[in-house]
Amino acid sequence: METEVKRVLCQFRGEDGSSLGSAFDLPIDIDNSKLNLICNALLQKEEHIPFSFYIGETEIVNNLFDIIENERISTEGLIEIIYQPQAVFKVRPVTRCSSTLEGHAEAVIAVSFSPDGRYLASGSGDTTVRFWDINTETPQFTCRGHNHWILFTCWSPDGRQLASACKNGLICLWNPQSGKQIGKSLTGHKQWINWLSWQPLHLNPECRFLASASKDGTVKVWDTILGNCVRTLSGHMQSVTAVRWGGTDLIYSASQDRTVKVWRACDGVLCRTLEGHGHWVNTLALNTDYVMRTGAFEPAEVTRSSSCRVLSNIFSADGTLWK
């Protein structure tokens, strides 16, 4: 024979003390989910709203019985349950395109904004790099020099150069003011390049050194002025999927071998290997990425008709900013 569930008389009230409906005879073991269903039915809302419930100052976490038992609340009289709507964060789908930049003949594979936010660079399967003016939404230059898909684009910290890498393992440097290639192409990787990262501006105001991560399992550091490879960082057992150059002159590389390695940029010494992932490490982010990208520019001087003032001349070698 089933035991009859004890019932209690309850009244829902809002935060302002207003009553919601009449008093209800509820089972003493009713839980939060059922209280939510009753509350939404009484409010007759189109969308379900999650609520939290309180008796006095105590929240009903699991069910009504626990609160009555722990707080020793009398079940002889009316029990007032206060309901409060919880914050609901909704991500609405994108239903409107604000602008379209057309021009590439094949799929666009890589895009990146300039550090001052005024220009956009795009790399495509049509083997070209395009520069776009964001304010006027017009193409500035079409750069040709690659002969395979462009997989990655990366602006120099001062915004005066753009590096692009293709599936043939070739790196090209471009002048965004003229659309012309700077120097010779950088070759050395045996397979395609997955990622590029410049040395931070406060470490090198000339923006001379560039790191590249490749499918061949290596990270190469390039001297973009001399056009040669300074050093090769080898240690990963599989494809290097990402590389970041940190503000303390350490290079971080992620790989399909499930590790992240930390290298000393000045001599290529491996400092440590971070293990723990159960599958490929596909991307990296540093907590200083934003400040290193935007810190060299004066926001007050960014206008539609004038360029940003680069503050590279006031960075000292130890990374401090002088005013």
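Observations
- Residues in the range 156-171 that are in contact with a His (Cβ under 8 Å, 6 or more places away or on another chain) and assigned to a loop (DSSP other than H, G, I, E, B): Lys167, Asn168, Gly169, Leu170.
- Any hit, the range 173-192, residues being at positive phi, outside any strand (DSSP E or B) and open to solvent by 20 Å² or more (accessible area, probe 1.4 Å): yes
- Selection of first residues in the range 53-80 that are surrounded by 10 or more Cβ atoms within 10 Å (Cβ to Cβ) and of second residues that are modelled with pLDDT of 85 or more and of a type in the set (Phe, Trp, Tyr), restricted to Cβ pairs under 6 Å at least 6 apart or on distinct chains, gives the following pairs, ordered by first then second residue: Phe53/Tyr83; Ile60/Phe53.
- Scope the range 244-256; condition buried (at least 21 other Cβ atoms within 10 Å of the Cβ) and β-branched (Val, Ile, Thr); matching residues: Ile251
- For the range 101-119, the criterion of being among the small types (Gly, Ala, Ser), more than 39 Å from the chain's Cα centre (by Cα) and loosely packed, with under 13 Cβ neighbours inside 10 Å is satisfied by no residue at all.
- Any strands (runs of 3 or more DSSP E) falling wholly within the range 230-294 and containing at least 3 residues that are within 20 Å of the chain's Cα centre (by Cα): 240-245, 250-255
- Residue in the range 200-219 that is farther than 26 Å from Ala296 by Cβ and either over 25 Å from the mean Cα position of the chain (by Cα) or open to solvent by 40 Å² or more (accessible area, probe 1.4 Å) (or both) present: yes
- In the set Trp222, Trp195, only one residue is in a strand (DSSP E or B), more than 25 Å from the chain's Cα centre (by Cα), closer than 21 Å to Ser112 by Cβ and not small (Gly, Ala, Ser); that residue is Trp222.
- Positions within the range 10-47 being touching a residue at least 12 places away in the same chain (Cβ under 8 Å) and open to solvent by 80 Å² or more (accessible area, probe 1.4 Å), in sequence order: Glu15, Asp25, Asp29
- If you filter the range 131-155 down to residues that are open to solvent by 60 Å² or more (accessible area, probe 1.4 Å) and assigned to a loop (DSSP other than H, G, I, E, B), you find that the one that is nearest to Gly183 (Cα to Cα) is Asn147.
- Here the condition is being of a type in the set (Val, Ile, Thr), out of contact with any Cys (no Cβ under 8 Å at 6 or more places or on another chain) and open to solvent by 50 Å² or more (accessible area, probe 1.4 Å); of Thr232, Thr259, Thr241, it holds for Thr232 alone.
- The set of residues in the range 170-192 being within 26 Å of the chain's Cα centre (by Cα) and not hydrophobic (A, V, I, L, M, F, W, C) consists of Pro176 alone.
The values are calculated or read from the model by the stated rules, or taken from the named source; none is laboratory data. Because the structure is predicted, anything quoted here is derived from the model rather than measured. Neighbour counts run over all protein chains shown; Cβ positions are idealised from the backbone, glycine included. Protein only, heavy atoms only, side chains kept; ligands, DNA and RNA dropped before computing areas. Shrake-Rupley method; radii C 1.70, N 1.55, O 1.52, S 1.80 Å.
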